Amino acid sequence: MKQYRIIALLLTLLLALAACGEKPAGETSSASSSQNTVQEEVPSPVQVPFTLAVYADYSLNPTLAANRANLTLAPLLYEPLFAVDGHFQAQPVLCQSWTASEDKLVWTFTLRDRITFSDGTPFTAREAAEALELARSSRGRYAQRLADVALISGEDQNLTITLRRPNGDLPALLDIPIALGDGDRPLGTGPYVLTETGDEFSLTARSGWWQTDKTLPVQTIPLHRVSKSDDLIYAFDAGEVSLVDVDLMATNAMGYGGNYQTWDYATTDFLYLGFNTQEGLCRSPQVRRALAQGVDRNTITSAIYANHATPALLPVHPDSPLYSQSAAEAAPGYTPEGLATQTEELKLVGKELVLIVNSENVSKVSSAQHIVYQLEAAGLKVELRQLSFEDYTTALARGEFDLYLGETVFTANFDLAPLLGSGGALNYGGWWAEGADGLLWTMHSASPETKPAAAEALFELLNEQAPIVPIAFKNGSVLTQWGRLSGLSPTRGNVFYQIENWIVK
C-alpha cells in the first residue's frame, strides 16, 4: 500500500512540474488552461481617474501663490500672453501680434479678440495690464522679473509696456498667467474652470474655451485635497494623485516611492563655480582658466545629479538658440592633464584655496567635494567650507572665499547682467573687464534674430576671462503613475504644455 501511495505521490509531483514548465511553441494561454478547472473571478483593481493635488487652504492665484502643487494647476486655469517652449522661445497665446520701438524701450501688444474669462467677462488689455501690475508689485511672484518695467497701460486690445532698460526679447518674460482680480481663486481664460461641491474640488473643461481646435484628454479632473507635503507624498505613492511636478535635486527634496515614470524638462536653473576675482590666486584669468579644467561636468550631472541636469560649457542652456557650439568648444573644459600641467607652469602646486558651499543641499556638497578632489589631485590644497545658507550668503557678501559653488535661476531670455555685470547683484566675485558691460547690454537689447551673434561676442570674452565656470542646468521633473499617461512634453512653468497631445489611460 505504501508503494502505491509513493507512486501516486510521484505522479502528482511530475504532473505539477509539467504544469510549471514552458508552454509548447505556438500554444496560447487559453489553450493550455483546463476546461475542468473552476477559476475564481478576481476583481480588477479600481482605476482611479486622472487626479491632481490641491492645497485647498492656500491661494490658487497664479501671481500670488507660493505653493508648488497649486502653481502646477495654474496652466489649466489661466493663460499667459506668451508661452515659452522647450527651446526658451516665446510663442504667442493671448497675444496676437506685437511691435517694439527702435530703442526697444516701448512695446505694444495687440491681444486676441473674443476671448473671455470663465464667467463670460471679456478679456481686454485693461485686464491684462491689471494682472501684470499685480505680478510686478511687491506682493507678486514676478516682481524681480519685471523690475525693468516702468509703465503698463491698456486700452481696448492694445497693451503697452514701457521699460527702463532696453530688452529685445520682452515676450520671453511674459509667460505670466493672466487672472481676473487678486483673490485666492480668481477666474482665468484657460481650458478648465475650478468647480467646488461641498468639500470636493475638481477642474471641469470649459465649453466656451477659445482654442476650439484643441481636444482635451479629459473633461473632468478631480482634485485630491492635501494640507502638508507628507499628505502629497502618500497620495502619490498610493496612486490617489496621478501627477506631481518636483525638483528632485532641491534642498530638502521630498522622496517619492511607488511605480512611476519620470518626464524631465529643461529649466534655467544654473549651477556654476564662481571665483573671487578681486583677491587671492583667482585674480588672474590664467589661474581661473586653469582651475576650470578641474570641473568634471559629466560626472556631476550623471552621478551626483542622477541625470536630472544638463551639462553646459556656457551660461545659457544647450537647448537655447543662443548656445554656440563653437564658443562651447573654445571654453576651458574638463582636462585633468591640462590642469596638472597648468598647475606646474603657473607655480600653483601647494597653493591653498578656500571653496565654500551651502551645506543644506546634498547634491551641491557632493559636487563641491568632487571639484576639490580634482584640484587636489593636481597638487593644490583646497579647504572646503560647508556653510549654512545664512553663513554662506554672508561669506559671499564679504568676499570670504576663493571659490564658491553657486546656483541662480535666469529668466527665459538669459539676462546675464545680474551675475556678470559690474553692478550685478549676484556678481559676488567682483568681476569686471573692459567692454563686458557693453556686451551684456548689447545681448540683452538684441532682437531674437540678432541675439545669437551678440551672445557669441560675449562668450568669447567669458572664455578668455573665465569669471565663472558653467557646470550645468538643472532639470525639473514630472512624476506620473506608471503607464497612465503618454504624450507629455512639459516645459518650464507649464507641465501641461500641449496637453491636447496627451493620452490618459
Of 420, 439, which residue is closer than 18 Å to residue 165 by Cα and within 25 Å of the chain's Cα centre (by Cα)?
420
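Residue-by-condition table, conditions (1) out of contact with any His (no Cβ under 8 Å at 6 or more places or on another chain); (2) without any contact (Cβ under 8 Å) to a residue 24 or more places away in the chain:
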{"site": "240", "(1), (2)": "no, no"}
{"site": "243", "(1), (2)": "yes, no"}
{"site": "256", "(1), (2)": "yes, no"}
{"site": "297", "(1), (2)": "yes, no"}
{"site": "302", "(1), (2)": "yes, yes"}
{"site": "305", "(1), (2)": "yes, no"}
{"site": "312", "(1), (2)": "yes, no"}
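Do you know which of the residues in region 202-248 that are charged (D, E, K, R) and surrounded by fewer than 14 Cβ atoms within 10 Å (Cβ to Cβ) is farthest from residue 363 (Cα to Cα)?
At the first step, the residues of region 202-248 found to be charged (D, E, K, R) are 206, 213-214, 225, 228, 230-231, 237, 240, 245, 247.
Imposing the further condition that a residue be surrounded by fewer than 14 Cβ atoms within 10 Å (Cβ to Cβ) reduces the set to 213-214, 228, 230.
Numbers: 213: 44, 214: 41, 228: 24, 230: 22 Å.
Checking each candidate, the answer is 213.
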Among the candidates 387, 440, 420, 405, residue that is farther than 28 Å from residue 99 by Cα, without any contact (Cβ under 8 Å) to a residue 60 or more places away in the chain and assigned by TED's automatic domain parsing to the domain that holds residue 324:
387
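Please go through region 111-147 and pick out each residue that is outside any helix (DSSP H, G or I) and among the small types (Gly, Ala, Ser). Walk me through it before giving the result.
Residues of region 111-147 that are outside any helix (DSSP H, G or I), as a first pass: 111-124, 137-147.
Correct list: 118, 120, 137, 138, 140, 143, 147.
Collect the residues in region 78-109 that are polar (S, T, N, Q), part of a strand (DSSP E or B) and over 29 Å from residue 495 (Cβ atoms), keeping them in residue-number order. Talk me through it step by step, then tell me what you get.
Going residue by residue through region 78-109, those that are polar (S, T, N, Q) are 89, 91, 96-97, 99, 101, 108.
After this cut, where a residue has to be part of a strand (DSSP E or B) as well, the list is 91, 96-97, 99, 108.
Those that are polar (S, T, N, Q), part of a strand (DSSP E or B) and over 29 Å from residue 495 (Cβ atoms): 99, 108.
Got a sec? Which of 38, 48 is at pLDDT below 95, of a type in the set (Val, Ile, Thr) and in contact with an Asp or Glu (Cβ under 7 Å, 6 or more places away or on another chain)? If you could, list the steps in order and put the result at the bottom.
On the way: 38 fails: in contact with an Asp or Glu (Cβ under 7 Å, 6 or more places away or on another chain).
Checking each option against the conditions leaves just 48.
Quick check: is even one residue across region 480-494 of a type in the set (Ser, Thr, Tyr), surrounded by 16 or more Cβ atoms within 10 Å (Cβ to Cβ), more than 23 Å from residue 234 (Cα to Cα) and in contact with a Gly (Cβ under 9 Å, 6 or more places away or on another chain)?
Yes, because at least one residue in region 480-494 is of a type in the set (Ser, Thr, Tyr), surrounded by 16 or more Cβ atoms within 10 Å (Cβ to Cβ), more than 23 Å from residue 234 (Cα to Cα) and in contact with a Gly (Cβ under 9 Å, 6 or more places away or on another chain).
Given the residues 430, 476, which is the only one that is farther than 30 Å from residue 495 by Cα and either assigned to a loop (DSSP other than H, G, I, E, B) or under 25 Å from the mean Cα position of the chain (by Cα) (or both)? Don't jump to the end; show me each part of the working.
Numbers: 476 fails: farther than 30 Å from residue 495 by Cα.
Of 430, 476, the one residue that is farther than 30 Å from residue 495 by Cα and either assigned to a loop (DSSP other than H, G, I, E, B) or under 25 Å from the mean Cα position of the chain (by Cα) (or both) is 430.
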Residue satisfying condition, being part of a loop (DSSP other than H, G, I, E, B), surrounded by 15 or more Cβ atoms within 10 Å (Cβ to Cβ) and at pLDDT 95 or above, within set 354, 365, 316
316
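Give the residue, chosen from 258, 190, that is touching a helix residue (DSSP H, G or I) at 6+ places or on another chain (Cβ under 9 Å), at positive phi and outside the structural domain of residue 426 (by TED's automatic domain parsing). So that I can check it myself, show each step before the final result.
Numbers: 190 fails: at positive phi.
From the options 258, 190, the qualifying one is 258.
The values are calculated or read from the model by the stated rules, or taken from the named source; none is laboratory data. No experiment lies behind these values; they were computed from the predicted model shown. Virtual Cβ from ideal backbone geometry, glycine too; neighbours counted across all protein chains shown.
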